[in-house]
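Enquirer: Once you've had a glance at the structure underneath, I'll fire off some questions.
The values are calculated or read from the model by the stated rules, or taken from the named source; none is laboratory data. As the structure is a computational prediction, the values presented were derived from the model and not from experiment. Counting neighbours? That spans all protein chains shown, and the Cβs are built from the backbone with ideal geometry, glycine included.
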Amino acid sequence: MSTSRTLNNAKNNGVHNDPYPNSSHIPRSASEALSRPAPRSKPLTQAQRDFLASALRVNQAGELAATLIYTAQTPVVVASHPHLRPLMKHMYDQEAGHFSTFNSLIAKHRVRPTAMYPVWTIAASALGWGTAIMGREAAMACTEAVETEIGTHYNDQVKWLLGMAEQMEASGEQLGDDIKGLISTIRRIRDEELEHLDHAVENDAKKAVPHELLTSFIRAGCRGAIWVSERV
Ligand SMILES: [Fe+2]
Ligand SMILES: [Fe+2]
């Protein structure tokens, strides 16, 4: 089973027990609405707030890194493979959109950005430039490796948030619009990351030499960066 297929299966599993799949929870009539007890809303627990702060912090850092990787790769890759310009621009534009989304969320919820910001800036630019000079296949293998980790990372966040939503609903609490919005935002971004993964594989990421060593190294680096950014 391909990596992207695995992630897509994981994605489907993650949304399986979605408590808000459509509008089925919206009462159809006023009498139906009145017969239901009004949902309560109470402040998030400290553990929930801690999770959300660390999720926004690591997501913002990851999207910064993604924009820098493509910024460094694009001129080198496009110089020798001009036909890849639209694809590189498309992926960069989506990453810039993700970065802007998490910049807004981190400001809105007054979450501290990671203290590792300067380190990730240098590391991501070096990774982008280094893989681009190795060639088109290595640049694509970089995207394959990064998006494999990031797709799983976002999927885990969606599952955690859906679990929280389920618990809140079970105890008669109302899920705030902020949380509902965050779930749908992370799902959309996850799907776009998985689309990048598919583009990379379609563009010969697996032909990079040495593919296994390169992708294992980058994936380990991503997992380390995620672990650190969630905490620092
Ligand atoms: Fe992204
Ligand atoms: Fe991406």
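Enquirer: Given the conditions (1) among the β-branched types (Val, Ile, Thr); (2) over 10 Å from residue 144 (Cα atoms); (3) assigned to a helix (DSSP H, G or I), which single one is not true for residue 218?
Expert: Tallying (1) among the β-branched types (Val, Ile, Thr); (2) over 10 Å from residue 144 (Cα atoms); (3) assigned to a helix (DSSP H, G or I), residue 218 fails exactly one: (2).
Enquirer: Based on this model, can you work out whether residue 72 counts as more than 14 Å from ligand 1 (Cβ to nearest atom), of a type in the set (A, V, I, L, M, F, W, C), more than 17 Å from residue 56 (Cβ to Cβ) and touching a Lys or Arg at 6+ places or on another chain (Cβ under 9 Å)?
Expert: Numbers: more than 14 Å from ligand 1 (Cβ to nearest atom): yes; of a type in the set (A, V, I, L, M, F, W, C): yes; more than 17 Å from residue 56 (Cβ to Cβ): yes; touching a Lys or Arg at 6+ places or on another chain (Cβ under 9 Å): no.
Answer is no for this residue.
Enquirer: A further question on this structure: Taking into account only those residues within region 169-215 that are outside any helix (DSSP H, G or I) and hydrophobic (A, V, I, L, M, F, W, C), which is farthest from the chain's Cα centre (by Cα)?
Expert: Of region 169-215, the ones outside any helix (DSSP H, G or I) are 171-176, 203-204, 208-210.
Those left that are additionally hydrophobic (A, V, I, L, M, F, W, C): 175, 208-209.
Numbers: 175: 22, 208: 24, 209: 27 Å.
Checked region 169-215; the qualifying residue farthest from the chain's Cα centre (by Cα) is 209.
Enquirer: If a residue has to be away from ligand 2 (no atom under 13 Å from the Cβ), free of Cβ contacts under 8 Å to residues at least 40 places away in the same chain and closer than 23 Å to residue 135 by Cβ to count, how many in region 76-117 make the cut?
Expert: 7
Enquirer: Can you tell me which of 165, 126, 141, 96 is assigned to a helix (DSSP H, G or I) and at pLDDT below 95? Break it down into steps so the answer makes sense when it comes.
Expert: Working: 126 fails: at pLDDT below 95; 141 fails: at pLDDT below 95; 96 fails: at pLDDT below 95.
Testing whether each residue is assigned to a helix (DSSP H, G or I) and at pLDDT below 95 leaves just 165.
Enquirer: When you scan region 127-135, do you find a residue that is more than 14 Å from the chain's Cα centre (by Cα), touching a residue at least 12 places away in the same chain (Cβ under 8 Å), within 11 Å of ligand 1 (Cβ to nearest atom) and under 18 Å from residue 202 (Cβ atoms), even just one?
Expert: From region 127-135, those more than 14 Å from the chain's Cα centre (by Cα) are 127-135; that's our starting set.
Now restrict to residues that are touching a residue at least 12 places away in the same chain (Cβ under 8 Å): 127-129, 131-135.
Okay, now just the ones that are also within 11 Å of ligand 1 (Cβ to nearest atom), so none.
No.
Enquirer: Which of the residues spanning region 108-123 are under 18 Å from the mean Cα position of the chain (by Cα), part of a helix (DSSP H, G or I) and either modelled with pLDDT of 95 or more or not hydroxyl-bearing (Ser, Thr, Tyr) (or both)?
Expert: Result: 120, single match.
Enquirer: Every residue in region 61-72 that is of a type outside the set (A, V, I, L, M, F, W, C), within 12 Å of ligand 2 (Cβ to nearest atom) and over 12 Å from the mean Cα position of the chain (by Cα), please.
Expert: Applying the first criterion (of a type outside the set (A, V, I, L, M, F, W, C)) to region 61-72 yields 62-63, 67, 70-71.
Checking which are within 12 Å of ligand 2 (Cβ to nearest atom) leaves us with 62-63, 67, 70.
Across region 61-72, the qualifying residues are 67, 70.
Enquirer: When you check residue 166 against the structure, is it charged (D, E, K, R), away from ligand 1 (no atom under 16 Å from the Cβ) and either more than 21 Å from the chain's Cα centre (by Cα) or within 24 Å of residue 232 (Cβ to Cβ) (or both), yes or no?
Expert: On the way: charged (D, E, K, R): yes; away from ligand 1 (no atom under 16 Å from the Cβ): yes; either more than 21 Å from the chain's Cα centre (by Cα) or within 24 Å of residue 232 (Cβ to Cβ) (or both): yes.
Here the answer is yes, as residue 166 does meet what is asked.
Enquirer: Follow-up question, since we're still on this one. Checking the condition modelled with pLDDT of 50 or more and of a type in the set (Gly, Ala, Ser), which residue from 65, 33 passes? Spell out the reasoning first.
Expert: Values: 33 fails: modelled with pLDDT of 50 or more.
Unique residue meeting the criteria: 65.
Enquirer: Tell me, which residue of region 169-202 that is among the charged types (D, E, K, R) and away from ligand 1 (no atom under 16 Å from the Cβ) is modelled with the highest pLDDT? Quick ask: steps written out before the conclusion?
Expert: Step one: filter region 169-202 for residues among the charged types (D, E, K, R), giving 169, 173, 177-178, 180, 187-188, 190-193, 195, 198, 202.
Right, trim to away from ligand 1 (no atom under 16 Å from the Cβ) and you get 169, 173, 177-178, 180, 202.
Numbers: 169: 85, 173: 84, 177: 85, 178: 85, 180: 88, 202: 93.
Residue satisfying both the conditions and the ranking: 202.
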